[in-house]
Amino acid sequence: MKPVEEYIFRQPESYREMLLHIIAVVEKELKETELLFKWGIPYFYYKKKPFCYLAPNHKKKFVDVGFAKGFQLKKNMEFLVDEKRNTVKSLRYYKLEEIANDLLISVIEEAKTLY
């Protein structure tokens with residue numbers, strides 16, 4: 001089993017479900033991605049460059065989907081979190097049911113135009 005797979009399957013069920021769902025959406029929308037285990041978390045690379053990471057935060061009980069070029073995004077600003085980060089903006093999910101695929105896809109579509 002690859003390190004990224006081990007990491008995902010070691011997560012508590014609620015986080016694992018969210019991670020697997022998000023991974024499925026990203027892989028469907030971006031055919032040329034590669035999911036790697038970088039900096040201790042799952043990280044999607046697109047065209048061999050960092051695209052977005054998936055970071056479960058057990059203390060605050062959410063999964064952060066951080067986009068590497070997030071500050072260049074113009075759409076969906078009301079849903080993107082920056083928390084004083086210089087380049088990354090993210091979508092944040094607390095429950096599987098909260099994941100709006102249309103919003104996630106919209107952010108992915110815009111982000112991929114930056115590569």
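I'm checking my understanding of the structure. Among residues of segment 28-58 that are charged (D, E, K, R), in a strand (DSSP E or B) and free of Cβ contacts under 8 Å to residues at least 60 places away in the same chain, which one is nearest to Leu104 (Cα to Cα)?
Checking each candidate, the answer is Glu34.
Identify, from the list Tyr53, Tyr46, the residue that is touching a Cys at 6+ places or on another chain (Cβ under 9 Å) and open to solvent by less than 100 Å² (accessible area, probe 1.4 Å).
Working: Tyr53 fails: touching a Cys at 6+ places or on another chain (Cβ under 9 Å).
The conditions single out Tyr46.
Between a residue in segment 1-19 that is closer than 14 Å to Leu96 by Cα and any residue that is buried (at least 17 other Cβ atoms within 10 Å of the Cβ) and of a type in the set (Val, Ile, Thr), which pairs come within a Cβ distance under 7 Å, given they are 6 or more apart or on different chains?
Tyr15/Val63; Arg16/Ile8; Met18/Val63; Met18/Ile99; Leu19/Ile8; Leu19/Val63
Does Phe62 fit the bill of being closer than 18 Å to Leu104 by Cβ and out of contact with any helix residue (DSSP H, G or I) (no Cβ under 8 Å at 6 or more places or on another chain)?
Working: closer than 18 Å to Leu104 by Cβ: yes; out of contact with any helix residue (DSSP H, G or I) (no Cβ under 8 Å at 6 or more places or on another chain): yes.
Judged against the criteria, Phe62 is a match.
Within segment 89-112, count every residue that is in a helix (DSSP H, G or I), open to solvent by 20 Å² or more (accessible area, probe 1.4 Å) and among the small types (Gly, Ala, Ser).
Step one: of segment 89-112, the residues in a helix (DSSP H, G or I) are 96-98, 101-112.
Right, trim to open to solvent by 20 Å² or more (accessible area, probe 1.4 Å) and you get 96-98, 101-103, 105-106, 109-110, 112.
Subset that is among the small types (Gly, Ala, Ser): 106.
Residues flagged as in a helix (DSSP H, G or I), open to solvent by 20 Å² or more (accessible area, probe 1.4 Å) and among the small types (Gly, Ala, Ser) within segment 89-112 amount to 1.
Going by the structure shown, is Asp64 open to solvent by 100 Å² or more (accessible area, probe 1.4 Å), at pLDDT 95 or above and not in a loop (DSSP other than H, G, I, E, B)?
no
In segment 67-88, how many residues are open to solvent by less than 60 Å² (accessible area, probe 1.4 Å) and hydrophobic (A, V, I, L, M, F, W, C)?
6
I'd like to know if segment 71-88 contains one or more residues that are of a type in the set (Ser, Thr, Tyr) and outside any loop (DSSP other than H, G, I, E, B).
Taking segment 71-88 and keeping what is of a type in the set (Ser, Thr, Tyr), we get 87.
If we keep only those that are outside any loop (DSSP other than H, G, I, E, B) as well, we get none.
No, that holds for no residue.
Enumerate the pairs (first residue in segment 98-115 and among the charged types (D, E, K, R); second residue anywhere and part of a loop (DSSP other than H, G, I, E, B)) with beta-carbon separation below 7 Å, excluding pairs fewer than 6 apart on the same chain, so at least 6 apart or on different chains.
Sorted first by the residue in segment 98-115, then by its partner, the pairs are Glu110/Leu73; Glu110/Lys75; Lys112/Leu30.
The values are calculated or read from the model by the stated rules, or taken from the named source; none is laboratory data. Please read all numbers here as calculations on a predicted model, not as lab measurements. Virtual Cβ from ideal backbone geometry, glycine too; neighbours counted across all protein chains shown. These area figures cover heavy atoms from the full protein model, side chains too; ligands, DNA and RNA do not enter into them. Shrake-Rupley method; radii C 1.70, N 1.55, O 1.52, S 1.80 Å.
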